[in-house]
Amino acid sequence: MKKKTTGINSFLISGAVLSALMLGLILLGLVWTPYSPTAMDGAAKFQPPSPAHLLGTDNFGRDIFSRVLQGADATFLIALCVVAVSCTLGVLLGSLCGYYGGLADLILTRICDSITAFPAVLLALVIVSLTGRGKANVIFALSLLFIPSFARLTRGEFARCRELNYVKSARLMGVSTGRILFRHILPNTLPVLLPAVTIGFNNAILSEASMSFLGIGVQPTEASLGLMLSDSQTYLQSAPWYALCTGGAVVLLILGFSLLSEGLQRRKDG
Amino acid sequence: MKQLIKKTLALIITLFIVSLLAFLAFQIIPEDPVTHLLGTEATPEAAAALRAQLGLDRPALVRYFSWLAGVLRGNFGESYSYHMPVRDMLADKLPLTGLLTGLSFLFTLLLSIPLGVLAGSLRSRLLDNLFAALDQILMSVPPFFEGMLVCWLFGLVLRLFTPGDYVSYKDSWSGCIAYLIFPAFSIALPRVAMTVKLLRGAIRQEMGQDYIRTSRSRGAGRAWLLFRHALPNALIPVITFMAVSLAEIMTASIVIEQVFTVPGVGRLLLASISNGDFPVVQAIVLILAAWIVLVNFAADLLYALADPRVRLD
């Protein structure tokens, strides 16, 4: 198999295009939706997709496209919070563990290994059953659960770089530890960290949607794609477009980032 | 042998820690089970009496050991909501979820290995990329939406089954399995995509190794190289992955049971979380966690059996 030497591949391009498109729609949804996502219209229940209602209407006559835009916003913001919190904490923990090593590193690594052995949804279920439901608790539970994967990855990279010559010479020159960690080593871990961030983002979207679908995530009256899918299941027979369009939005959202991460990984591996 | 004893000891310690965590987690719940059962209007005397009856007046450590002793004898305590032993509530749910897990695993195994070999041996770049893209799409579909798609396509459009019309295995084994095929397929599909991707990469890697080149230079045919040399080695990481995915299949079934209204452990777990029925939640979490630990242990052993290099360390 001949290996491509250029940094760009079809996965990266299609992922970037799709993600940009979805991001554009999400930004659009923040400022404008064709109809009010909560406006009910008794006369326009269960309308199939048409020029007036791009994705049709639901059981209350609400415009599904507007609701998908709003739900995608909510899902996206939750995923953004989860990744921001867990990546920051994970990188911090992982870099310290990897750079210093020692007993604390050993214990934390064991804990991270055991947490990642369990599926995130199961642990999230347990946490939510203890803390109660709602948006904030979903963010809390998922952030907590995603820390280990980032910590593990960063730890490995920092442990590897610790002994490299450029780090040694920086240390000899008297560069402060903080500067070595975050100015010298951290940028070199980006090729590994970046795909992990996109994967983490996908997992966050997926977990939030699953939890809301199961009724233990975002609660009704708030918008969420998972919640909409849970509603739409009842009308699978009479209004299949409700489920198909909402689910399609989730798939496209995830697919964009997953293509992006696949492209990044392929670029790294050559 | 020494390795085996060491690993078994580690397994027992891990199971012990898991049970401790499963117990402690439900000690820090903000809501008091007694107020939950009696409501906020109860007299202090009634609350104290119920507390004593449930054994909640004893120290946490004592309760842990009595709970653990019960669990080891198969006694998980009594449900707060239904006032019946948790064991009886689980008795007809566990086999069902077990059956669903087994079927899903079977599907994953039967579909992913031939497809993975096919993907790994494709020589056309276009087909290979097409396969990879399809894989990527399949992995992007959330399991519950996939279940809904299966319901819609096979149930409502093709009318191969009626979604929601679950047949109990007590009434008819064949009817039950015929219904479970569809949720099992939904659970298996993303796993198949992941396994195919893994196997494809592993075969590709093996086919580039020196021993394959040597064998080829001595005149071995492509099929012989693939099945006799590359595949056995490529399957080693897949075995571990498959064993671990048994754990994920079990949790995926929690979600899928909800979509296909299969009255298994998953639905019981979700209902118990909503009701604040903590003895039931605790028991199910413990069983699922123990299952995951055991499956990982089995994966470890299988790995050592399959790869002689691991046995040597």
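None of the figures in this text is laboratory data; all of them are computed from the coordinates on show. Model, not experiment: these values are computed from the prediction. No Cβ is skipped: glycine too gets one built from the backbone with ideal geometry, and neighbour counts run over all protein chains shown.
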> Mean shadow of region A:1-140, computed from the convex hull of its alpha carbons, in nm²?
Replying inline: 14.8 nm²
> Near A:K45, which aspartates and glutamates are there with a Cα under 13 Å away, not counting those fewer than 8 places off in the same chain?
Replying inline: A:D58, A:D63
> Once the dipole of chain A is set up with Lys and Arg at +1 and Asp and Glu at -1 on Cβ about the Cα centre, which of A:A141, A:A16, A:P191 lies farthest towards its positive end?
Replying inline: A:P191
>> Given R₀ = 35 Å, what would the calculated FRET efficiency be for B:E45 paired with B:S66, taking r from the Cβ atoms and rounding to 0.05?
In response: 0.90
> Which whole-percent values make up P(r) of region B:210-283 when all C-alpha to C-alpha distances are grouped in 10 Å steps starting at zero?
Replying inline: 17, 25, 17, 14, 13, 11, 3
>> Charges on Cβ only, +1 for Lys and Arg, -1 for Asp and Glu, centred on the Cα centroid of region A:1-89; of A:A39, A:T75, A:C87, which one is farthest towards the dipole's positive end?
In response: A:C87
> Treating the beta-carbon of each Lys and Arg as +1 and of each Asp and Glu as -1, no other charges, what is the dipole magnitude of the protein assembly as shown about its Cα centre, to the nearest 20 debye?
Replying inline: 2840 debye
> How far is it, in nm, from the label point at B:R213 to the one at B:R123 when both lie 7 Å from their Cα along the line to the Cβ?
Replying inline: 1.9 nm
> Measuring from centroid to centroid over Cα atoms, what is the spacing of region B:195-256 and region A:134-211 in Å?
Replying inline: 30 Å
> Which cross-chain or sequence-distant (5 or more) residues have an amide H under 5 Å from the amide H of B:E78, H modelled 1.01 Å from N in plane?
Replying inline: B:V86
> Per-residue HN-Hα couplings for region B:168-174, Karplus 6.51 cos²θ - 1.76 cosθ + 1.60 at θ = phi - 60°, whole Hz, x for Gly and Pro?
Replying inline: 5, 5, 6, 7, 7, 5, 5
> Taking chain B as a Gaussian network, where each spring joins two C-alpha atoms under 10 Å apart, which residue of B:L153, B:L118, B:L103 fluctuates the most?
Replying inline: B:L153
> Given a cut-off of under 8 Å on Cα pairs at least six residues apart, what relative contact order in percent is computed for region B:178-296?
Replying inline: 26 percent
> So what does log10 I(q)/I(0) come out to for chain A at q = 0.14 Å⁻¹, using the Debye formula with one equal point on every Cα and no solvent?
Replying inline: -1.02
> Based only on the alpha carbon positions, what is the Kirkwood hydrodynamic radius of chain B, in angstrom?
Replying inline: 22.7 Å
>> Between B:L153 and B:D57, what's the calculated FRET efficiency when r is the beta-carbon distance and R0 is 56 Å? Round to 0.05.
In response: 0.50
> So for the protein assembly as shown, Kirkwood radius off the Cα pairs, Stokes-Einstein at 25 °C and 0.890 mPa s: how many µm² s⁻¹?
Replying inline: 93 µm²/s
> In square nanometres, what is one fourth of the surface area of the convex hull spanned by the alpha carbons of region A:71-165?
Replying inline: 6.9 nm²
> In sequence order, what are the phi-derived ³J(HN,Hα) couplings for region B:132-148 according to the Karplus relation 6.51 cos²θ - 1.76 cosθ + 1.60 with θ = phi - 60°, rounded to whole Hz, with x for glycine and proline?
Replying inline: 5, 5, 4, 4, 4, 5, 4, 6, 8, 8, x, x, 6, 5, 4, x, 5
>> Can you compute the charge dipole magnitude of region B:78-221 about its Cα centre, using +1 on each Lys and Arg Cβ and -1 on each Asp and Glu Cβ, nothing else charged? Give it in debye, rounded to the nearest 20.
In response: 800 debye
> If the chain between A:V192 and A:L77 were fully stretched, how many nm would it gain, using 0.36 nm times the residue separation less the Cα-Cα distance?
Replying inline: 39.0 nm
> What percent does the relative contact order of chain B come to when contacts are Cα pairs within less than 8 Å and at least six residues apart?
Replying inline: 25 percent
> Any idea how far apart B:F227 and B:T8 come out in nm if each label point goes 7 Å out from Cα toward Cβ?
Replying inline: 3.8 nm
> If you take the charge dipole of the protein assembly as shown about its Cα centre, with +1 on Lys and Arg Cβ and -1 on Asp and Glu Cβ, which of B:I177, B:Q282, A:V175 is farthest toward its positive end?
Replying inline: A:V175
> Hey, rough spin-label estimate for A:F46 and A:L252, points 7 angstrom out along Cα→Cβ, what's it come to in nanometres?
Replying inline: 2.5 nm
> For region B:254-268, what does the Karplus curve 6.51 cos²θ - 1.76 cosθ + 1.60, with θ = phi - 60°, yield as ³J(HN,Hα) per residue in whole Hz, taken in order and with x for Gly and Pro?
Replying inline: 4, 6, 5, 4, 5, 5, 9, 6, 8, x, x, 4, x, 5, 4
